[in-house]
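Please treat every number below as a calculation from the coordinates, not as lab data. Keep in mind that this is a model prediction, so the values were computed, not measured. Cβ coordinates were reconstructed from backbone atoms using ideal geometry, including for glycine residues, and neighbour counts include every protein chain displayed.
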Amino acid sequence: MKPIIIAMLLSVLGCGSSGCCRPEGALKYYEYRSTTMREYPHEFYRLERSEEKGLTLTRAANGSEETTFAVPEEVAEKVAFLINEYKLYRLKETYRPPCQVLDGTMWHVYFKFDKGGVSCSADNAWPPKRLQEGIEAINSYLGSIKR
């Protein structure tokens, strides 16, 4: 009986099995990629940490080659702050367009913390405006970082 009550409370509070609980700990990984029929990738960002390279940012835009370079820890802290400020942990696993579209934009966003994370992708569909603004804020920030 207790597990049912706990599950019901969590779903009411917005932390059900959909994985929409606020993640905990340090940001380990962030990736966003969008593609179109003409550009692969249209936009790409990957922030990741490894033992041998530390924290690195890889990015590409408009079909260009990927570039990877080291970034300071503050970058991961800022991305984690934006994820939490825009509540991106509330992203659904996928979004569907209101009608079938045979061309357009495919995208995905993944992020992982010590505890928790999100995997979201869609084809010609977008999350609610506030969540989309959060993704755009992170990508704009990562795109502004100088090598």
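Pairs of Lys residues in the chain, spaced 8 or more positions apart or belonging to different chains, with C-alpha separations under 23 angstrom: 24 in total.
I'd like the chymotrypsin sites (Phe, Trp or Tyr not before Pro) in the range 42-101 restricted to DSSP loop residues with at most 14 other Cβ atoms within 10 Å, sorted by number.
For chymotrypsin sites (Phe, Trp or Tyr not before Pro) across the range 42-101 that sit outside H, G, I, E and B with at most 14 neighbouring Cβ atoms in 10 Å, the list is empty.
FRET efficiency for the pair residue 31 and residue 146, taken as 1/(1 + (r/R0)^6) with r the Cβ-Cβ distance and R0 = 30 Å, rounds to 0.90. Here each label is just a point 7 Å from Cα along the line to Cβ, and for residue 123 and residue 21 those points are 3.3 nm apart. Of all DSSP bridge pairs formed entirely within the chain, close to 95 percent run antiparallel.
Which longest run of the chain has no exposed loop site in it, a site being GluC sites (Glu not before Pro) in a DSSP loop with at most 16 other beta carbons within 10 Å, and the site itself not part of the run?
Details: sites that count: 39, 51, 52, 65, 66, 93.
Result for the longest clean stretch: 94-147.
Listed from fewest to most Cβ neighbours within 10 Å, the set 130, 22, 90 follows the order 130, 22, 90. Taking the helices alone, the chain has a mean residue ellipticity at 222 nm of -9000 deg cm²/dmol, built from -39,500 (n - 2.57) per DSSP H run of at least 4 residues and averaged over all its residues.
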